[in-house]
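Structure record follows, encoded as structure tokens.
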Amino acid sequence: MLNFIISRTLQGLAVILAVLVITFGLLKLSPSSPFNGERNVTPEVRAAQNAYYGLDKPWPVQLWRHVSGFATFNYPPSYKLKGRNVGEIIAQAFPVSVAIGVPALLIALALGIPFGAMAALKPNTLEDRTATIASTLGICMPSLVLGPLVALIFGLKLKWFNVSGWFDADDWVLPAMTLGLIYSAYVARLMRGGLRETLAQDFIRTARAKGASEPAVVFCHALKLACLPLLNFLGPAAAGLLTGSFVVENVFQVPGLGQHFVSSATNGDHPLAMGTAAFYAMLIVAFNLLVDIVQAMLNPRIGLKT
Amino acid sequence: MNPPANNSRISESPWQAAWRRLRRNRFAIGGATFIVVLMLVCWIAPGYSAYGQSQQDLNLQASPPSAAHWMGTDSLGRDIATRVLYGGRMSLLIGLAATAVALIIGVIFGGISGWIGGRLDAFLMRIVDVLYAFPFVVFVILLNVAVGEVVKNWIATSSGLSVKAANEWRSQAELLILFVAIGAVEWLTMARVVRGQVLALKKLEFITAARSCGARTPMILSRHLLPNVLGPVIIYASLTVPGVMLLEATLSFLGLGIQPPAASWGTLIADGAKEIESSPWMLIFPGTFFTCTLLALNFLGDGLRDALDPKSLQ
């Protein structure tokens, strides 16, 4: 177990390093300097800026500067959000994304698991059909359509919540609801598939044969295995939800992490782009590790593969 | 998919059996019909529309649906029905073209990885793992921005085109870069699918049999391996199209994809989202078309999976 965690952590660090290098390489492909957009600047000021951020050095030195900065938690300053370093920016935006992402995940699970399980327990009935069609519709309803509609209905018409911004204590509700509804469709689908497949297996027949009641069969025998496909989806999904959805944060004007992913990539803020990408990769690595451990606990046949 | 010599029905090829199963699936056939009709309408109807894509009627700015403008007009007085059709062309085109890019990269990458195996396989799959840990929207944006600037600079400085021609080429190039950038992100799962399939197939007896009969590698790849990989590839490709269209819409929504005056469903939805309070029809019509198209594509993809891979039905 310990060996497994250590080896996966080392692999994860290699992945994060690779993500940093790839992001840097893509940013450097763009020929213009990050500060070309700023006008009314004398050449001396520009040169001083370039020297301060190390942009006058050859690219391997720049890369090393960034990577060693992140590795020692000595975060480089942002090029565009002056006076703040990448660590501060992420530390400020991340809680906002978490405040939306965690309720969204809970909504998705609370809606998706019961509906998916119900559909699987009554295959080919009206309930099953309805749940399946509803979840397909949810998968096909993109957040860029659902988000504005949710804002229109609950924000503008019913006036229950603010339409946009991050001022009141309940401003997380609409974005979390939008994301939760969309993700619940995926959860329901995976739950239905997982449970149906598990219920068809031999050990379920054995459990029924020895006289276990139907609830006992479902809850004690089937549920553990049936959750595995869902669990595999939840790892990356949780990382994505916690780092913010670009579209939903844009629709509801929420100051989460998502905006920094987009703006830093487009306006050439190299340290912030590298920092957010590495942060996302870190969460992915961590959640995948967690998923693998839980998976091995639920199903001894899978085991811990390094 | 089973190897060709399967023991199912009398003289029915696996493809005929798949077609028979697909025809029985009402959702899949409905989805396919919807897509075909939509494509025909998007390519033919704008020619008969009374309005152009960018034609403005400033007397009717942001007017609700009416007899003259079936889906209303947008805040610049343009006919939304016409724009939805032109936008549909763009969205469908990107969906198909970017899927083709993803398909080519994924099949070649996964094929090489699975066929050669060993260390190369381990190395190539590590690359895929790393790219999976990448925030994919960021990856598309970076690719789009970086490659876009390189290409635009090249067009402006060293291609020797006149300014007007260069401008025209630039918008074509932007579109092409978008296809490639989206395709370059969406190939990962395709590569895994193909690799897994090739890895399993190459150990089977019929490959050994073909080899012992003297078949060379190109022959084995094209006649024996490819037909067996085709099923999963078709299934996955049909499920990639909606994913690609969603990614394009997301990028366009964020202002990074299709640039005006061109329009796609993503840009129309973005325009509508800004005016959601005063003129909800600006979002509802393109949004409905987009959602229905994704739904139809998903039904078709699920139907193809059930038809081509009967095992998934239990």
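Would you rank A:HIS260, A:HIS221 by solvent-accessible area, highest first, keeping every protein chain in place and using a 1.4 Å probe? Kindly include the intermediate steps, with their values, before the conclusion.
Working: A:HIS260 20, A:HIS221 60 Å².
Result of the area sort, largest leading: A:HIS221, A:HIS260.
Return one number: the angle in degrees, 0 to 90 and rounded to the nearest 10, between the long axis of the Cα atoms of helix B:265-274 and the longest principal axis of the Cα atoms of chain B.
Here the helix axis deviates by roughly 40 degrees.
Residue by residue, what Karplus-based ³J(HN,Hα) values in Hz, rounded to whole numbers, does segment A:59-65 have, using 6.51, -1.76 and 1.60 with θ = phi - 60° and x for Gly and Pro?
Ordered by residue, 3J(HN,Hα) equals 5, x, 5, 4, 4, 4, 4 Hz.
Under a 10 Å cutoff between Cα atoms, tell me which one of B:ALA273, B:ALA81, B:ALA146 has the largest fluctuation in the Gaussian network model of chain B.
B:ALA146
Once the piece of chain linking B:LEU230 and B:GLU275 is laid out straight, how much longer is it, given 0.36 nm per residue of separation minus the C-alpha distance between them?
That pair, B:LEU230 and B:GLU275, stretches by 11.7 nm at full extension.
Roll a 1.4 Å probe over the protein heavy atoms and report the accessible area of B:CYS292 in Å², nearest 10.
Surface accessible to solvent at B:CYS292 totals approximately 50 Å².
Take chain A, connect every pair of alpha-carbon atoms lying under 10 Å apart with a spring to form a Gaussian network, then pick out the residue of A:PHE203, A:PHE252, A:PHE161 with the largest mean-square fluctuation.
For chain A, modelled as a Gaussian network with Cα springs under 10 Å, the answer is A:PHE203.
Note the buried accessible area between A and B here, summed over both chains, with a 1.4 Å probe, in Å² to the nearest 100.
Approximately 3600 Å² gets buried when A meets B.
So, in nm, how far is label B:LEU58 from label B:MET219 when the simple model puts each one 7 Å beyond its Cα toward the Cβ?
Reported label-point gap for B:LEU58 and B:MET219 is 7.3 nm.
Run the 1.4 Å probe and let me know the accessible area of A:ILE113, rounded to the nearest 10 Å².
Probe radius 1.4 Å; accessible area of A:ILE113 about 60 Å².
Where the accessible area of the protein assembly as shown is counted over protein heavy atoms with a 1.4 Å probe, how much of it, in %, is carbon and sulfur?
Within the protein assembly as shown, the accessible surface is 66 percent carbon and sulfur.
Excluding A:ALA18 itself, calculate the net charge of residues whose Cβ lies under 14 Å from the Cβ of A:ALA18, where each Lys or Arg counts +1 and each Asp or Glu counts -1.
Combined, the nearby Lys, Arg, Asp and Glu give 0.
Report the residue, chosen from B:GLY255, B:GLY95, B:GLY87, that carries the largest GNM mean-square fluctuation when chain B is represented by alpha-carbon nodes joined by springs under 10 Å.
Result: B:GLY255 has the largest fluctuation of those listed.
Let me make sure I get this right: for the protein assembly as shown, a, b and c are the square roots of the gyration tensor eigenvalues over alpha carbons, sorted descending. Under 1.5 in a/c it's rounded, otherwise prolate if a/b > b/c, else oblate. Which is it?
Rounded.
Just by accessible area at a 1.4 angstrom probe, what is the order of A:THR9, A:THR276 from largest to smallest?
Per-residue accessible area, sorted high to low, gives A:THR9, A:THR276.
Rounded to the nearest 10 degrees, what's the angle between the helix A:173-199 long axis and the longest principal axis of chain A, both from Cα atoms, 0 to 90?
Roughly 40 degrees, rounded to the nearest 10.
As an exercise, use a Förster radius of 25 Å and the Cβ-Cβ distance of A:LEU29 and B:ALA166 to find the FRET efficiency, rounded to the nearest 0.05.
Taking R0 as 25 Å, the efficiency between A:LEU29 and B:ALA166 is 0.75.
Could you work out the helix-only [θ] at 222 nm for chain B, with each DSSP H run of four or more residues adding -39,500 (n - 2.57) and the total divided by the number of residues, to the nearest 500 deg cm²/dmol?
Computed mean residue ellipticity for chain B: -23500 deg cm²/dmol.
For the modelled label position 7 Å from the Cα of A:ASN267 along Cα-to-Cβ, which residues of segment A:78-96 have backbone nitrogen atoms closer than 15 Å?
Residues A:78-86, A:89-90 fall inside that zone.
Would you mind checking A:LYS28/B:LYS164; A:LYS82/B:LYS274; A:LYS122/B:LYS274 for any pair whose Cα atoms are more than 31 angstrom apart?
Where the Cα-Cα span goes over 31 Å, the pairs concerned are A:LYS122/B:LYS274.
Rounding to the nearest 10 and keeping the result within 0 to 90°, find how far the Cα-based axis of helix B:163-186 lies from the longest principal axis of chain B.
40
Sum -39500 (n - 2.57) across every DSSP H segment of at least 4 residues in chain A, then divide by the residue count to get the 222 nm mean residue ellipticity, nearest 500.
Values: 13 runs with 209 residues, N = 306.
Only helices count here, giving -22500 deg cm²/dmol.
Please state the shape class of chain A: rounded when a/c is under 1.5, otherwise prolate if a/b exceeds b/c and oblate if not, all from the C-alpha gyration tensor.
Values: a/c = 3.28, a/b = 1.67, b/c = 1.97.
Judged from the Cα gyration tensor, chain A comes out oblate (a/c at least 1.5, b/c at or above a/b).
For A:TYR75, B:TYR86, give me the order by solvent-accessible area with a 1.4 Å probe, most accessible first, ignoring ligands, DNA and RNA.
Output order, biggest surface exposure first: A:TYR75, B:TYR86.
What are the lysines whose alpha-carbon lies under 23 Å from the alpha-carbon of B:LYS202, with same-chain residues fewer than 8 places away excluded?
Correct list for B:LYS202: B:LYS311.
Give the calculated FRET efficiency between B:TRP43 and A:GLN253 to the nearest 0.05, with a Förster radius of 41 Å applied to their Cβ-Cβ distance.
On the way: r = 38 Å, r/R0 = 0.92.
The pair B:TRP43/A:GLN253 has a calculated efficiency of 0.65.
Note down the nm distance, to one decimal, between modelled labels 7 Å out along Cα→Cβ at A:ARG205 and at B:TRP19.
Roughly 3.6 nm, to one decimal.
Please report how far the C-alpha centroid of segment B:250-271 lies from that of segment A:186-219, rounded to the nearest whole angstrom.
Centre-to-centre (Cα) distance: 45 Å.
The values are calculated or read from the model by the stated rules, or taken from the named source; none is laboratory data. On a predicted model such as this, the values are computed, not experimentally measured, just so you know. Positions of Cβ are generated from backbone atoms using ideal geometry, with glycine treated the same way; all protein chains shown enter the neighbour counts. With ligands, DNA and RNA removed, areas are computed over all heavy atoms of the protein, side chains included. Shrake-Rupley method; radii C 1.70, N 1.55, O 1.52, S 1.80 Å.
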